[in-house]
Amino acid sequence: MRPSSLVLLASLSLASLAACTALGGGDRVNPETPGWFSRPSGDMNILFRRPLTIEGRKVGEEFEHGRPEIDPIGHRVFVGSSDHGLYAIRALDGSSIWRFETAGMVQSEPYYDIELDVVYFGSNDGALYAVHATDGTLVWRYNCGTQVSKRPALSGDTLVFVSAADQVFAVDRNTGKTKWQSRRTPALGIEISGYGGPTIDGSRVFIAYSDGHVAAYEVRDGSEKWTVDLSAEAEQATPNETLRDLDVDTTPLVVDAGSIGRLVVAASYSGGVFAMDENTGTRMWANNEARGVHELVHWQERAHEPHPKSLDRGGPMVPARDMIFAASSSTGLWALEPANGHKIWRIKVPEGGITAPTAVAGAIAMGTTHYGLFLLSPINGRVIDGINLDSGFAVTPAAYGNRLYAMTSGGTLLGIGVDPPLGRR
């Protein structure tokens, strides 16, 4: 099943996705930007289409949120729904394995623990759950009193997660018993909807808060190592502006910036994107133009030989690439240099909103709330292909290899095969 080319081209025009940077070099000398990058190519193929959300439980406007989680060894996909359930789905055909019922909407990002064969996920009923991935039976439930939607992070036997009330919890992954907690007072009344999750690197966990702070804690005992007020950093960087909405709603990234060292990257909604030294919290760079950012993604490609079926097979090595994607529904999708925050490219995005981009088959996939799901070139943001089912995408897609899993706002899970046509002229 493939989308209508006319409908797709119309939606691309309306969404202004055609307003992209020009191709660099000629198509015949650049193996990663062949001619099919500039037009929808029909290379996203729907392999299955599975309605999940129970019709009788849909309330108001259709809107699913979160992200599927993939078990590549067991060929399973775990995805939540506004009908209060977490589903385990067979990755090959979309058939059901089990469903776990909670007392609230499950619009979260699950985490699959391959060692224990357990899935951790949050619910709007104010709890984090651990269930057996085989049959969906409950292992433990941790009540934190507020919505949990972001993906937990795991280090050894310590599972760290964050609630919508800016509270951090570290629990034993086997029992759900508390190890430590930390909390900042939410900046009620000035924050944008949403919040960031935890990121663990080595012995530390990094958290962003709605009051504009980013903090580093020891995973072992929760002791604070440093904290930075990005709202103050943003105001100093733009002294002639009155900034509002200075909360940090992105899950921090940890990136290796070469000689500069490892950086923690986070975005202040109105202040831009900031990078801090992982050890001290010292600001290393700022991009104050990339505003309204709600998702950050680190994308890397190793140096490699040209694809054996491409026009440039047998040519020189394709160099390694390293980018930070910053998704903003107001200023667009940005590609930034990890070492200095400089813009590589930026594209306009449709009205309504976009998901975080997801790497798949050498490209990136991104959902839009009104215009469908698109496959983009990470090199310049050009559109490769798209699918429009008259139901937008607010759920961030998940990918493994050449397989993409995307949930529509109407509650339909799609299994999509991605096959870029490297051999075409």
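The values are calculated or read from the model by the stated rules, or taken from the named source; none is laboratory data. Model, not experiment: these values are computed from the prediction. When we count neighbours, we look across all protein chains shown, and the Cβ atoms used for this are built from the backbone with ideal geometry, even at glycine. The accessibility values were calculated without ligands, DNA or RNA, using every heavy atom of the protein model including side chains. Shrake-Rupley method; radii C 1.70, N 1.55, O 1.52, S 1.80 Å.
Tabulated results
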{"quantity": "Filter result (assigned to a strand (DSSP E or B) and at positive phi) within region 339-352", "calculated": "none"}
{"quantity": "Residues of region 200-232 satisfying the condition of being assigned to a loop (DSSP other than H, G, I, E, B), open to solvent by 20 Å² or more (accessible area, probe 1.4 Å) and at pLDDT below 95", "calculated": "D211"}
{"quantity": "Options G315, G411, G381, G367: the member that is touching a Leu at 6+ places or on another chain (Cβ under 9 Å) and over 30 Å from F274 (Cα atoms)", "calculated": "G411"}
{"quantity": "Options G314, G341, G353, G381: the member that is open to solvent by less than 10 Å² (accessible area, probe 1.4 Å), over 15 Å from the mean Cα position of the chain (by Cα) and at pLDDT below 95", "calculated": "G381"}
{"quantity": "Close pairs (6 angstrom Cβ cut-off, 6 or more residues apart or separate chains): open to solvent by less than 40 Å² (accessible area, probe 1.4 Å) in region 262-288, in a strand (DSSP E or B) and among the acidic types (D, E) anywhere", "calculated": "none"}
{"quantity": "Verdict on T250 being touching a His at 6+ places or on another chain (Cβ under 7 Å), of a type in the set (S, T, Y) and either open to solvent by less than 40 Å² (accessible area, probe 1.4 Å) or not in a strand (DSSP E or B) (or both)", "calculated": "yes"}
{"quantity": "Output for region 384-399, where each listed residue is at pLDDT below 95 and not in a loop (DSSP other than H, G, I, E, B)", "calculated": "I384, D385, G386, I387"}
{"quantity": "Those residues of region 289-299 which are of a type in the set (A, V, I, L, M, F, W, C), surrounded by 17 or more Cβ atoms within 10 Å (Cβ to Cβ) and within 14 Å of the chain's Cα centre (by Cα), in sequence order", "calculated": "V293, L296, V297"}
{"quantity": "Some residue of region 76-85 being of a type in the set (A, V, I, L, M) and under 21 Å from the mean Cα position of the chain (by Cα)", "calculated": "yes"}
{"quantity": "Count of region 145-187 residues which are charged (D, E, K, R) and surrounded by fewer than 20 Cβ atoms within 10 Å (Cβ to Cβ)", "calculated": "6"}
{"quantity": "For H298: the one exception among (1) out of contact with any Asp or Glu (no Cβ under 7 Å at 6 or more places or on another chain); (2) without any contact (Cβ under 8 Å) to a residue 40 or more places away in the chain; (3) not charged (D, E, K, R)", "calculated": "(2)"}
{"quantity": "Filtered residue count, region 353-383, keeping only those that are out of contact with any Gly (no Cβ under 6 Å at 6 or more places or on another chain) and assigned to a loop (DSSP other than H, G, I, E, B)", "calculated": "12"}
{"quantity": "Selection within region 50-97 - of a type outside the set (D, E, K, R), more than 25 Å from D113 (Cβ to Cβ), open to solvent by 60 Å² or more (accessible area, probe 1.4 Å) and touching a residue at least 12 places away in the same chain (Cβ under 8 Å)", "calculated": "P51, I54, V59, F63"}
{"quantity": "Scan of region 125-144 for residues that are open to solvent by 60 Å² or more (accessible area, probe 1.4 Å) and touching a residue at least 24 places away in the same chain (Cβ under 8 Å), ordered by number", "calculated": "D135, L138, R141"}
{"quantity": "Selected residue [assigned to a loop (DSSP other than H, G, I, E, B), modelled with pLDDT of 95 or more and closer than 22 Å to G411 by Cα] from G176, G136", "calculated": "G136"}
